[in-house]
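Working notes for the structure below.
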Amino acid sequence: MLKTNQSPRYVQPKLSKENVRWIKELLPGLSSEIGGSIELNSQGSFERFTVYTSTRRTAMTLPDFFQIEYHCHFDPYAIQLPSITDLKIAMKRKLGYDKKATGVSGQLNVVFCLKGVVVYRYDGKEKHADRIFGAISDIMNSGRDDARGMRDQIEKIEEISNFKFSFTTWDVAARRGVKLGKFCLKEIVVNPA
């Protein structure tokens, strides 16, 4: 069960190599999207994944109130970075444009892709113009989907937008895990099942 953290504070959670290994092994066999939330305990440490499935190959709808949302990009012929739709959703949640959302709204977003793990967030105070998303789309469609190409694309996107990324390859994740970055812990898992 999730409950409001009575003393919200900033934490820097990390997914251990064991936490992410099952997702890496699962990715090549997926035929439709999966995603959910990454939930933390009162110390800000990983507690559990919630898992949602979709009947659609490359799209899914998740509740709007997750602190840390994740989903998978498993198609080798699709862009491995967060899509324009993913980025717009992260921006709208951060800025509170989704009036249907109750409680906590996405602070961190994670994409588990074939090349590794992409953590992203929107750090702006106002909505990006459509031209910014057009430029981001051009960047995403102009590079390679290998680790070096993804890092180059991330660097260019960060230069022109208020999105912040970190990218961890599966080789590094297998040795060190994945740092999710600093954020305010507003909800915690209590009495985990």
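Inspect the stretch 157-168 for any residue being touching a Gly at 6+ places or on another chain (Cβ under 6 Å), surrounded by 17 or more Cβ atoms within 10 Å (Cβ to Cβ) and small (Gly, Ala, Ser) and give the result as yes or no.
Within the stretch 157-168, not a single residue is touching a Gly at 6+ places or on another chain (Cβ under 6 Å), surrounded by 17 or more Cβ atoms within 10 Å (Cβ to Cβ) and small (Gly, Ala, Ser).
Can you tell me which residue is nearest to GLN107 (Cα to Cα) among those in the stretch 17-36 that are at pLDDT 85 or above and under 14 Å from the mean Cα position of the chain (by Cα)?
GLY36
The values are calculated or read from the model by the stated rules, or taken from the named source; none is laboratory data. This one's a predicted model, so the numbers in the text were calculated from it and none came from an experiment. Neighbour counts are summed over all protein chains in view; Cβ atoms, including those assigned to glycine, are modelled from backbone coordinates with ideal geometry.
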